[in-house]
Amino acid sequence: MNVDEKTLRNLKTFKPQLESVSKRGVIVAIVLVLVILAGVYALITQIVKGHIVTGMRDNVVWGLYIVNFIFFIGISYAGALISGILHLLRVPWRTPIIRMAEMITVISTLIGPSYILLCIGRLDRLPHLVLFGRIQSPIIWDAIAISTYLSGSIIFLYLAMIRDMALLRDNPLTKGKWRNPIYRFMAVKYKDTTKQKELLNQATDLLSIVIIPLAILVHSVLAWIFGMTLRPGWHSTIFAPYFVVAAVYSGTGVLIMVMWVFRRLYHLEAHLTKIHFNYLGIIMIVLGALYGYFTFSEYLTSWYGSIKWDMEVLFRLFNPGQYWWEFVFAVFIGVLLPIVIITIPRFRSINSIAFASLIAVLAMWVKRYLIIIPTLESPLLPIHDLRPEYVHYSPTWVEWTLTAAGIALFILLFFIFSKFIPIIPVVRTGEEKDYSRLRKKVFEKQMKQLIRLRKRSDIPIGMIFLLLITFTAPAVMSQETSGIKTSLHLDFFNKEGAKSLVASLKGQEEGKYFPLENMKVNFEFVSGNEKKPIGTISTTAKGKATIEIPKKIISSGGSKGVFSFMATFTGIDKYKSSTSSVEIRNVNMELSFFQKEGEKEISCKAMEAGQDGKMTPIPDMKIEFYVPRTFSLLKVGEGSLSDGVANVEFPVTLPGDSAGNLTIVAKIEDNETYGNVEATGRINWGKPLPPMKIVKRGLGDTDAPLWMVYTLIILLSLVWFHYLYIIITVFRIRWLGKYAESKEVT
């Protein structure tokens with residue numbers, strides 16, 4: 001393979017970096033491995049003990065794992081878009097950064113989906129995705145799209161490395177010789193002949209054309225999984241372009257950070273100049289402005305729409321006690337600060353651009369967190385379990401450790417890759433721009449600036465660590481836990497003649513109440529000065545203990561028709577004791593229905609049972625009438641008892657089941673004398689439901705529109721056809737190399 005003088009100088013510069021590792025590099029690698037091992041321990045803990053060791057619960061079923069998945073997948077798309085666009089446009093300054101962008105793509109795409117596996121509780125059912133997955137589901141679309149995208153990214157990176165592999169094949173390493181056979185195999189006999197060069201350029205151009213729309217499509221599919229879900233904060237039509245812009249914005253920031261690190265680590269000042277940082281900074285400004293525009297449009301329409309559930313999410317974001325500061329950092333600081341630093345020449349330097357990129361990347365990670373968590377904490381159905389870990393999500397050490405392990409693995413793979421292949425392309429293709437003359441002209445000025453900047457470089461580094469500590473360190477608070485006050489409330493329920501007692505036990509701390517689980521409550525029947533035990537029941541997760549009242553107690557008639565009950569919590573460990581009592585009278589309720597001259601009427605008869613068994617009408621009391629609906633009871637009327645009877649007119653427009661049947665519920669609620677009394681009846685006075693019309697949405701539907709399935713199959717088939725063509729082209733390059741070798745031998 002014939003090379004020019006510039007290529008040989010580049011090889012002489014990068015070859016020692018491939019053959020040796022500095023002491024600082026060894027220390028960094030050891031630290032990264034230790035962090036990864038800590039992540040392995042956290043993973044084993046999660047597998048053994050289950051997801052209970054994480055902060056994910058029934059309401060917030062996704063947490064840091066999905067945040068990390070979206071983040072890593074997002075920055076991977078940025079690498080593909082940047083490298084693909086710069087290659088197609090033949091941008092002269094692209095050469096030093098294009099390989100780093102491709103590496104970001106491959107490594108991020110490998111790490112990102114692994115967080116999905118961490119989020120799955122039953123890994124043994126993972127093969128079901130392949131065996132029983134249905135093409136109508138966006139989840140399947142995402143799995144197929146990501147695997148297709150990863151395959152294309154690996155091929156794209158490999159094509160860009162063939163020339164350097166051939167150079168290293170012809171100039172073997174003297175240390176770490178085990179790599180030389182790998183270079184010979186992967187170089188595919190490339191000799192840089194005219195035909196080989198033409199085929200390699202065609203394959204690279206073709207894959208660049210394919211990878212750009214594929215990256216946009218794949219991240220759009222990920223966004224559609226959220227946008228097609230009827231949840232506040234997710235159900236939006238702009239989520240796809242919003243996700244794409246945010247992904248490229250954060251990915252550009254990661255690329256700038258990687259450039260800054262390798263520039264200092266390998267002393268690449270002659271290759272990665274301020275021009276590269278300025279150009280990428282300008283790209284980041286444009287993307288940041290677009291991201292800010294999409295963010296403003298999203299929140300503006302939600303705010304003015306004033307839909308109840310969307311407002312619930314916005315109130316969480318705007319509440320200083322919940323997510324206000326994270327919202328300010330992600331939406332304002334993460335956009336405005338990089339724009340200010342990069343646009344004002346006085347602030348613009350290589351170090352300041354790298355710092356602005358770090359702020360943008362952190363802000364995008366926080367924004368992913370705000371997309372996931374506040375939405376899941378605002379369910380469409382009420383949260384009945386009020387335990388703090390159910391209402392509010394808090395990541396545990398397991399999740400933080402696995403997050404840190406993913407970041408450490410990302411850095412370690414980058415470091416290992418830089419020891420296998422030069423981090424910057426060595427072989428010149430004739431399209432690179434030579435910055436040496438420009439650097440010589442301004443050498444004196446740049447050296448003065450470099451000295452001043454290095455003196456100040458500790459300032460942004462200190463700010464970086466301060467920000468990391470601020471956003472990742474958990475708050476440590478100690479509270480006095482001895483002698484926590486408890487509250488016990490006893491209710492009486494009479495439902496269709498079945499009598500029961502329900503005790504609600506709560507703890508009180510700092511003015512907040514929380515249910516107490518697995519606490520024993522003693523129930524007693526009080527007759528005069530005598531207390532007769534009924535039973536002992538442990539509270540549920542909602543702090544409730546329910547016991548049925550024996551029929552012999554009710555049949556005794558009580559004390560002059562009055563029944564007295566008491567519930568007692570004797571206290572345990574750090575919780576104080578508490579008691580509650582209730583006195584009630586027994587009442588019987590019956591429903592009847594009348595229809596006269598087209599008018600329909602519901603009648604409820606309520607009679608009080610005395611000690612002697614005599615039934616007495618209940619005077620002057622309100623009875624409320626309901627009809628059960630899907631999620632709650634619909635109130636249809638209210639009547640007052642007169643001589644023990646309450647009547648209400650039935651609404652004629654109420655829908656029933658397919659036969660028009662309705663269940664009517666009459667209630668006395670929270671009455672001091674009778675407690676909670678309920679009676680039900682069933683009548684066919686409702687409007688019959690029309691036959692249900694099946695709407696073919698295509699998401700999870702067994703008979704989805706065929707055009708949707710066919711479109712997806714055709715698009716993926718075209719992509720894989722191009723992959724196959726490129727693979728065949730690589731074999732053609734190898735065959736041409738063998739042919740050239742045979743001619744040299746003869």
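The values are calculated or read from the model by the stated rules, or taken from the named source; none is laboratory data. Values in this document were obtained by computation on a predicted structure and should not be read as measured data. Neighbour counts run over all protein chains shown; Cβ positions are idealised from the backbone, glycine included.
Given the structure, is Ser153 under 26 Å from Val61 (Cβ atoms) and of a type in the set (Ser, Thr, Tyr)?
On the way: under 26 Å from Val61 (Cβ atoms): no; of a type in the set (Ser, Thr, Tyr): yes.
The answer is no for Ser153.
Asp124: of a type in the set (Asp, Glu), more than 30 Å from Thr7 (Cα to Cα) and either in contact with a strand residue (DSSP E or B) (Cβ under 8 Å, 6 or more places away or on another chain) or in contact (Cβ under 8 Å) with a residue 60 or more places away in the chain (or both), yes or no? Outline the logic, then answer.
Working: of a type in the set (Asp, Glu): yes; more than 30 Å from Thr7 (Cα to Cα): yes; either in contact with a strand residue (DSSP E or B) (Cβ under 8 Å, 6 or more places away or on another chain) or in contact (Cβ under 8 Å) with a residue 60 or more places away in the chain (or both): no.
So Asp124 fails the test.
Restricting to strands (runs of 3 or more DSSP E) lying wholly in segment 576-648: which have 1 or more residues that are under 53 Å from the mean Cα position of the chain (by Cα)?
Here the list reads 578-585, 587-596, 599-609, 622-628, 633-640.
Taking the conditions exactly as written (aromatic (Phe, Trp, Tyr), in contact with a Cys (Cβ under 7 Å, 6 or more places away or on another chain) and in a helix (DSSP H, G or I)), does Tyr77 satisfy them or not?
So Tyr77 fails the test.
For segment 225-247, does any single residue satisfy the condition of being crowded, with 24+ Cβ neighbours inside 10 Å, in contact with a Phe, Trp or Tyr (Cβ under 9 Å, 6 or more places away or on another chain) and closer than 19 Å to Ala354 by Cβ?
no
Does Val526 satisfy the condition of being in contact (Cβ under 8 Å) with a residue 24 or more places away in the chain, crowded, with 19+ Cβ neighbours inside 10 Å and in a strand (DSSP E or B)?
The answer is no for Val526.
Do the conditions hold for Glu530, that is, is it modelled with pLDDT under 90 and over 39 Å from the mean Cα position of the chain (by Cα)? If you could, list the steps in order and put the result at the bottom.
Working: modelled with pLDDT under 90: yes; over 39 Å from the mean Cα position of the chain (by Cα): yes.
Spelling it out, Glu530 is indeed modelled with pLDDT under 90 and over 39 Å from the mean Cα position of the chain (by Cα).
Identify, from the list Phe493, Phe514, the residue that is surrounded by fewer than 19 Cβ atoms within 10 Å (Cβ to Cβ), within 22 Å of Lys574 (Cα to Cα) and touching a residue at least 60 places away in the same chain (Cβ under 8 Å).
Just one listed residue meets the conditions, Phe514.
Taking the condition outside the structural domain of Glu669 (by TED's automatic domain parsing) and part of a strand (DSSP E or B), does Thr568 pass?
Numbers: outside the structural domain of Glu669 (by TED's automatic domain parsing): yes; part of a strand (DSSP E or B): yes.
So Thr568 passes the test.
For segment 613-639, what are the residues that are under 23 Å from Ile554 (Cα atoms) and basic (Lys, Arg)?
If the condition is that a residue be under 23 Å from Ile554 (Cα atoms) and basic (Lys, Arg), then Lys614 is the only one that fits.
Yes or no: Ile618 crowded, with 18+ Cβ neighbours inside 10 Å and either basic (Lys, Arg) or closer than 29 Å to Met566 by Cβ (or both)? If you could, list the steps in order and put the result at the bottom.
Numbers: crowded, with 18+ Cβ neighbours inside 10 Å: yes; either basic (Lys, Arg) or closer than 29 Å to Met566 by Cβ (or both): yes.
For Ile618, the condition - crowded, with 18+ Cβ neighbours inside 10 Å and either basic (Lys, Arg) or closer than 29 Å to Met566 by Cβ (or both) - is met.
Could you tell me whether segment 42-55 includes any residue that is of a type outside the set (S, T, N, Q) and at positive phi? Spell out how you get there, then give the answer.
Within segment 42-55, the subset of a type outside the set (S, T, N, Q) is 42-44, 47-53, 55.
With at positive phi added as a condition, the list becomes 50.
So far as segment 42-55 goes, yes, one or more of its residues are of a type outside the set (S, T, N, Q) and at positive phi.
Inside segment 645-664, can you point out the residues that are modelled with pLDDT of 85 or more and either among the charged types (D, E, K, R) or over 14 Å from Trp685 (Cβ atoms) (or both)?
Once the filter is applied, which keeps residues that are modelled with pLDDT of 85 or more and either among the charged types (D, E, K, R) or over 14 Å from Trp685 (Cβ atoms) (or both), segment 645-664 yields Val645, Ala646, Asn647, Glu649.
Scanning for something modelled with pLDDT under 85, in contact with a His (Cβ under 6 Å, 6 or more places away or on another chain) and not assigned by TED's automatic domain parsing to the domain that holds Ile372, does segment 108-125 turn up at least one residue?
Yes - at least one qualifying residue is present in segment 108-125.
Taking only segment 216-233 into account, find how many residues are among the aromatic types (Phe, Trp, Tyr) and under 13 Å from the mean Cα position of the chain (by Cα). Quick ask: steps written out before the conclusion?
Residues of segment 216-233 that are among the aromatic types (Phe, Trp, Tyr), as a first pass: 224, 226.
When the remaining residues are screened for being under 13 Å from the mean Cα position of the chain (by Cα), the result is 226.
Result for segment 216-233: 1.
Out of the residues in segment 342-351 meeting the condition of being in a helix (DSSP H, G or I) and surrounded by fewer than 22 Cβ atoms within 10 Å (Cβ to Cβ), tell me which one is modelled with the lowest pLDDT.
Per the stated criteria, the residue is Thr343.
Please specify each residue of segment 569-589 satisfying the condition of being closer than 24 Å to Lys495 by Cβ and either surrounded by 15 or more Cβ atoms within 10 Å (Cβ to Cβ) or at pLDDT below 90 (or both).
Ser580, Val582, Glu583, Ile584, Arg585, Asn586, Val587, Asn588, Met589, listed by residue number.
State all residues of segment 549-562 that are surrounded by 13 or more Cβ atoms within 10 Å (Cβ to Cβ) and out of contact with any Lys or Arg (no Cβ under 7 Å at 6 or more places or on another chain); if no residue qualifies, say none.
Correct list: Pro550, Ile553, Ser556, Gly557, Gly558, Ser559.
Could you list, in sequence order, all residues of segment 653-691 that are surrounded by fewer than 18 Cβ atoms within 10 Å (Cβ to Cβ) and assigned to a strand (DSSP E or B)?
Within segment 653-691, Pro655, Thr663, Glu669, Asp670, Asn671, Asn676, Glu678, Thr680, Gly681, Arg682, Lys687 qualify.
Of these, Val261, Val286, which one is assigned by TED's automatic domain parsing to the domain that holds Tyr369, more than 16 Å from Arg348 (Cβ to Cβ) and surrounded by fewer than 22 Cβ atoms within 10 Å (Cβ to Cβ)?
Values: Val286 fails: more than 16 Å from Arg348 (Cβ to Cβ).
Result of the check over Val261, Val286: Val261.
Kindly list the number of the only condition in (1) at pLDDT 90 or above; (2) assigned to a loop (DSSP other than H, G, I, E, B) that fails for Ser482.
Among (1) at pLDDT 90 or above; (2) assigned to a loop (DSSP other than H, G, I, E, B), the lone unmet condition for Ser482 is (1).
Right, Tyr77: over 30 Å from Asn278 (Cβ atoms) and surrounded by 20 or more Cβ atoms within 10 Å (Cβ to Cβ) or not?
Taking the combined requirement at face value, the residue does not satisfy it.
When residues of segment 312-327 are filtered for being surrounded by fewer than 16 Cβ atoms within 10 Å (Cβ to Cβ) and assigned to a helix (DSSP H, G or I), how many remain?
So the answer is 4.
Out of the residues in segment 251-273 that are in contact with a Lys or Arg (Cβ under 9 Å, 6 or more places away or on another chain) and not acidic (Asp, Glu), state the one that is nearest to Ile416 (Cα to Cα).
Leu265
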